[in-house]
Amino acid sequence: LKNKKITWIENHNNTIFKVFIPVFIRVHPWLICQKEKYMNFCKWGIMVMILLLPPVSGRTGGVSFGLTEAIQNQSDELKMEKERRDYLLTKQKEQSEEDESDSVVFTEFTHLPFDAVNVGGITPIGTLMGTHTRSQPNTVRPFGVERHFIWHRTPGVAYNVYAPATTYIMSARKSEGIGDYGFNFKITDQVSFRIDHIHVLDASLEAAVTERVGGVWNESSPFLTVSPPLPVQAGDLLGQTGVKPTSANWDWFVGEGSAPNPGILFPDHYTTSMAQLYISAKSVYDYLSDDLKSQCEALYGYWSGSALLPGQTSSYLPVLGKCGYDQTGTLAGFWFYDTSDDPAWGPKAAGFVPYFLDNNKWKVKLAVPELDLYGIWEVSVSDTGNTDRLPPLVTSASPIVYYVLNDPNAQEKGLLMVQIQSDGTLFMEAHLNSFDPSAYPAFSINRLVLQR
């Protein structure tokens, strides 16, 4: 009691020792013989002591007890101590999860995020897809796709999506408008991946993520931080995709570290958010076990909706592609007319990238509005007599090289002239609706100068 600042005895020692105790001593022998009177005396003595106890501050009505106050104070302190311990345990658990996430050494994906029977094909990264026109600025994937497109074998038929590795969900996105979900996963400080466009989430996963993003998760939100990170095991069910008949594919992206891919010579020219993903993107093939590699090799290509157009490989194009085809001293890769990110046009650049469906062709992309041609074309580069037009073989020692751009899928068609100069720059000139190289033996004053 003394340790709890209850000093009643000290404050009332005169009353106790000078009044009550002497009286008790004098009458005690007589009271022992009078049992009933003895009990009454003790009862009244205790009541006197109770009345002398100090009241609890702020309490009115009835008898207040100093001892009650001490017990209440001790109870409050014990409650505060328990809350403090619970808080420390929670923080230790969160830190342990984060430390465990950072300590994982990633070697390979041990599970595909799909059952192969449900997938029609897997598009390689780094390829130039679609058609670009002057009415469509070069802002969406300006240098090629940085993620694999996983094509639904039967759009409108739901199938499972799994976690491909034991890892942590770091952030999440929900889009009511599009009607799908996406997750960013962290495996190590250097390796992360994203799975996007899951149509229906596993109910328990959705509840866990909703709680960890603060309970607010709607289409106006970007990727929201999941705190603490949510652990998942390889093979865990994430949800289902393929539900919507209008949906043709979904995404699987892998990024490694902040260092650019070796096929990108000047990464500071890749400034848009999509370009930043492009320069660090890796093929999932690089992280697959041999068994999973064979399954993905069988799906490598483009799904037409009814059949797989198989992908091809070459010394320039690995299985499932890569991001970055720049080769020093050659035409291959990307060249820039303006390294700034034009708000109206995006990066003003021209690219020469292998075509994954045909080793005899390369893709040419012209996204420089000052040229007379704008778009994406497939061009023949390795037919008989045309090997000198294979971009990795075009150097500063090469004469002017002509490409006939008459892909039926392109809106603009014509002739492209290129030549690498001794200072490493590239002369480029285009002629709309003209296809005869002999009509242009030299560059005109309209030629543009591009650089790496």
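The table below lists the values:
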item: Subset of region 280-294 (residues that are among the hydrophobic types (A, V, I, L, M, F, W, C) and either farther than 15 Å from residue 165 by Cβ or exposed (fewer than 15 other Cβ atoms within 10 Å of the Cβ) (or both)); result: 281
item: Within region 124-159, considering residues that are hydroxyl-bearing (Ser, Thr, Tyr) and at pLDDT below 95, the one most open to solvent (accessible area, probe 1.4 Å); result: 135
item: Any hit, region 184-196, residues being assigned to a loop (DSSP other than H, G, I, E, B) and open to solvent by 50 Å² or more (accessible area, probe 1.4 Å); result: yes
item: Region 160-183, subset of a type in the set (Phe, Trp, Tyr) and open to solvent by 10 Å² or more (accessible area, probe 1.4 Å), residue nearest to residue 256 (Cα to Cα); result: 168
item: Elements of type strands (runs of 3 or more DSSP E) contained in region 382-452, each with 2 or more residues being farther than 27 Å from residue 314 by Cβ; result: 426-432, 448-450
item: Members of region 425-445 that are touching a residue at least 60 places away in the same chain (Cβ under 8 Å) and either closer than 18 Å to residue 376 by Cα or surrounded by fewer than 19 Cβ atoms within 10 Å (Cβ to Cβ) (or both); result: 428, 430, 432
item: Failed condition for residue 297, given (1) open to solvent by less than 20 Å² (accessible area, probe 1.4 Å); (2) under 26 Å from the mean Cα position of the chain (by Cα); result: (1)
item: Hey, residue 285 of a type in the set (Phe, Trp, Tyr) and at pLDDT below 90 or not; result: no
item: Region 144-165, residues that are part of a loop (DSSP other than H, G, I, E, B) and touching a residue at least 24 places away in the same chain (Cβ under 8 Å); result: 144, 146, 147, 153, 154, 155, 156, 157, 158, 163, 164, 165
item: Qualifying residue in region 401-420 (condition: hydroxyl-bearing (Ser, Thr, Tyr), open to solvent by less than 20 Å² (accessible area, probe 1.4 Å) and out of contact with any Asp or Glu (no Cβ under 7 Å at 6 or more places or on another chain)); result: yes
item: Which numbered condition residue 392 fails, given (1) surrounded by 21 or more Cβ atoms within 10 Å (Cβ to Cβ); (2) touching a residue at least 60 places away in the same chain (Cβ under 8 Å); result: (1)
item: Pair list, Cβ under 8 Å, 6 or more apart: region 214-235 residue outside any loop (DSSP other than H, G, I, E, B), other residue exposed (fewer than 14 other Cβ atoms within 10 Å of the Cβ) and not acidic (Asp, Glu); result: 224/214; 228/93
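The values are calculated or read from the model by the stated rules, or taken from the named source; none is laboratory data. Values in this document were obtained by computation on a predicted structure and should not be read as measured data. Cβ coordinates were reconstructed from backbone atoms using ideal geometry, including for glycine residues, and neighbour counts include every protein chain displayed. Side chains included, ligands, DNA and RNA excluded: accessible areas come from the protein's heavy atoms. Shrake-Rupley method; radii C 1.70, N 1.55, O 1.52, S 1.80 Å.
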